[in-house]
Amino acid sequence: MEEQEQQQTDDRQLFDMWMSGNPRGFSALYERYRSRVFGFLLRMTSDRDIAEDMLQETFLAAMRNANQFDRSRSFLSWLFGIAHKRTIDYYRHAKVETDHAKDTDGSVGSKIDSPDQDLSYKRLRGAVNEAVAELEPSQREVFLLRELGGVPFKEIAEMMGCPINTALGRMRLALINMRKELKKRGIDGVQ
């Protein structure tokens, strides 16, 4: 918990630097969080080009609306809220409920990318990515916000415009459905 509090303090200092006219504050926040936000957007859209565009839109919206940042929240949660709105806009305008089984094995958001990794780990990571892609969109969104962004359930509920119990229920269903999907792929005993 101390590490998370220190991170928020560091983020606030960078934010203040940015607000006082020093662009290095914004650059540091961008470098710190672009991979996590991009990973979320990529998994939500299953399209690298769209995710890259939405990442830029997310940070541009953060720049335009910096005065709306609530300093009692984490900067990352605020960014994920903006990214969440971008995904809603994407689905609203695209009116697409397509097959999300596109292989996202190379997506940003995994911590291990070195070529000497064990084949079984790559298989597991690929299966997990495929299981996430199979989730119903609202379950996938709650799962990714929580797992990639570390966004608290209270804030997830606010972002999604639902009661906290609904957000918790979607997470529970996401985990159940992922376990089922992983079991279909021969991976059992995932907690």
Residue check for ASP188: touching a Leu at 6+ places or on another chain (Cβ under 8 Å), at pLDDT below 85, among the charged types (D, E, K, R) and open to solvent by 70 Å² or more (accessible area, probe 1.4 Å): yes
Close pairs (7 angstrom Cβ cut-off, 6 or more residues apart or separate chains): at negative phi and of a type outside the set (D, E, K, R) in the stretch 38-51, outside any helix (DSSP H, G or I) and open to solvent by 10 Å² or more (accessible area, probe 1.4 Å) anywhere: PHE38/VAL108; GLY39/VAL108; GLY39/GLY109; GLY39/LEU148; PHE40/LEU148; LEU42/THR104; LEU42/VAL108
The listed residue being open to solvent by 60 Å² or more (accessible area, probe 1.4 Å) and closer than 25 Å to GLN4 by Cβ, out of GLU134, GLU147: GLU147
Subset of the stretch 14-27 [assigned to a helix (DSSP H, G or I) and over 23 Å from the mean Cα position of the chain (by Cα)]: ASP16, MET17, TRP18, MET19, PRO23, ARG24
Matching residues in the stretch 56-75 - criterion: being open to solvent by less than 10 Å² (accessible area, probe 1.4 Å) and within 22 Å of LEU42 (Cβ to Cβ): THR58, PHE59, ALA61, ALA62, PHE75
The lone exception for ALA66 - which of (1) aliphatic (A, V, I, L, M); (2) under 30 Å from ALA133 (Cα atoms); (3) at pLDDT below 90 it fails: (2)
Residue pairs meeting the criteria (Cβ under 8 Å; at least 6 apart or on separate chains; first more than 17 Å from CYS162 (Cα to Cα), in the stretch 132-147; second open to solvent by 30 Å² or more (accessible area, probe 1.4 Å) and of a type in the set (A, V, I, L, M)): ALA133/ALA101; GLU134/ALA101
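Residue by residue, here is whether (1) open to solvent by less than 20 Å² (accessible area, probe 1.4 Å); (2) at pLDDT 90 or above; (3) in contact with a helix residue (DSSP H, G or I) (Cβ under 7 Å, 6 or more places away or on another chain) holds:
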| site | (1), (2), (3) |
| --- | --- |
| GLY106 | no, no, no |
| SER110 | no, no, yes |
| GLN117 | no, no, no |
| LEU182 | yes, no, yes |
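The values are calculated or read from the model by the stated rules, or taken from the named source; none is laboratory data. Given the structure is predicted, the values throughout are model-derived calculations rather than measurements. So basically every Cβ, Gly included, is an ideal-geometry build from the backbone, and we count neighbours across all protein chains shown. Only protein heavy atoms, including side chains, enter the accessible area calculation; ligands, DNA and RNA are left aside. Shrake-Rupley method; radii C 1.70, N 1.55, O 1.52, S 1.80 Å.
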